[in-house]
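Read the structure below first, then the notes.
Computed from the coordinates by the stated procedures, all read-outs in this text should not be read as laboratory data. On a predicted model such as this, the values are computed, not experimentally measured, just so you know. Here the Cβ is made from the backbone with ideal geometry for all residues, glycine too, and neighbour counts use every protein chain on show.
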Amino acid sequence: MKKILVTGASGQIGSELIPALRKKYGLENVISGVHKRNLTKEVKGSGPSVNLDVADENRLKEVIGSIKPDTIFHLASLLSAVAEQDRNLSFKVNFEAVYNILETSVNEGVEKVIVPSSIGAFGPDTPAIAPNDTLQHPNTIYGISKVFGELLGNYYYPTTGLDVRGVRLPGILSWKVEPTAGTTDYAVAIFYGALTTGKYTCYLQSDTKLPMMYMPDAVDSLIQIAEADGSKLKHRSDFNVAAISFTPAELADAIKKRIPGFRIEYEIDPLRQSIADSWPDELIDDVAKEEWGWNYKYGLDEIVDDMIDNLKTKLEVSAH
Ligand code: SER
């Protein structure tokens, strides 16, 4: 990877993937593609950026044609809860833009495109402990778009030579940029509640178990799959990557151990509850381990300690 374009650069993942890529591949060689939302200071100040609405096909062609990246990380996507509320925009961003990026990449000689998938690519008939290769009948527009991205990615390599790779990410906990459009966001919002008011009202039931991961592991998984030796890959755009699974009650207990006065209440949001209920409890990531040596580093205790440490500093700083 010599020149890298990252779409969705202002999002939860982009804000942390870009600094990691710049450290490895050089500040000037990683270009942030951004639309509407502001980049973090860290991303803005550390390298080039370009205005890029991925739903604008002409602009997409212009940007890829002028930057001529050899690798693209295509992170721009509407998350699960928001996607349900705007199917038209979801279609443009989560379906059409994926196709346009891959097709433009073929035409412009891009070598590799990383398109992250998600636990959302599974559905109600997927086993609760989901193997890598299993039933995928998601019942959300987000999930359908993720299966579309996986299948399209797997199609491009043998037919065009464009090397499209992806991992199915769990819900991601992080402290730099707060996610607000997904179903797993409670696992981040709960820390803001715990540290600012000492309480949090959770929109999922206390016993809803979901696969989760800390951001440093998610960033590693994206860089590792991009760098993996292609000759060893039997899968390409559809790897489960797992870390830990927990319920809101279990996360709340872990927070209470550090912040004893913390209280959690529950007020269920039917949309996000039904989305969460359609996803597996755990992912089995034996295929990623075998084909490219994946493993996670952060368990629940390490995550909770690190989130609280960093958010304490961040929230104190922003409060003064
Ligand atoms: N975190 C995402 C969401 O909740 C799942 O990929 O939408």
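Just from its helices, what would the mean residue ellipticity at 222 nm be for the chain, if runs of 4 or more DSSP H residues each count -39500 (n - 2.57) and the sum is divided by every residue, rounded to the nearest 500 deg cm²/dmol?
-13500 deg cm²/dmol
Just how large is the dipole of the chain about the Cα centre, in debye to the nearest 20, putting +1 at every Lys and Arg Cβ and -1 at every Asp and Glu Cβ?
Details: 33 positive and 44 negative charges, 188 e Å.
About 900 debye.
Given the pairs LYS41/LYS61; LYS176/LYS234; LYS41/LYS112, which are separated by over 30 angstrom at their Cα positions? Spell out each step's value before the answer.
Working: LYS41/LYS61 27 Å; LYS176/LYS234 35 Å; LYS41/LYS112 28 Å.
Going by Cα-Cα distance, LYS176/LYS234 fall outside the 30 Å limit.
Among SER105, SER118, SER15, sorting on how many other beta-carbon atoms sit within 10 Å of each Cβ, with the fewest leading, yields SER15, SER105, SER118.
Hey, with R₀ at 22 Å, roughly what FRET efficiency would ASN88 and ASN139 work out to, going by the Cβ-Cβ distance, to 0.05?
On the way: r = 19 Å, r/R0 = 0.85.
Rounded to the nearest 0.05, the efficiency is 0.75.
For TYR266, the residues 5 or more places off, or on other chains, whose built amide H falls under 5 Å of its own are CYS202. With both labels modelled 7 Å from their Cα along Cα-to-Cβ, the LYS297 to GLN224 distance reads 1.1 nm. Put in order of Cβ neighbour count within 10 Å, fewest first, the listed residues THR197, THR140 become THR197, THR140. Since only PRO216, PRO280, LEU152 are under comparison, the one whose Cα sits farthest along the positive direction of the charge dipole of the chain, derived from C-beta charges on Lys, Arg, Asp and Glu, is PRO216. Among MET213, MET307, a tally of other beta-carbon atoms within 10 Å of each Cβ gives an order, fewest to most, of MET307, MET213. Taking θ as phi - 60° and the Karplus parameters 6.51, -1.76 and 1.60, the scalar couplings of the range 173-181 work out to 8, 7, 10, 6, 10, 7, x, 9, 10 Hz in sequence order, x denoting glycine and proline.
Beyond 17 Å, what share of the Cα-Cα pairs of the range 67-107 remains, rounded to the nearest whole percent? So the pairs more than 17 Å apart make up 36 percent of the total in the range 67-107. Dipole of the chain computed with +1 at Lys/Arg Cβ and -1 at Asp/Glu Cβ about the Cα centre; of LEU102, LEU39, VAL167, farthest Cα towards the positive end is LEU39.
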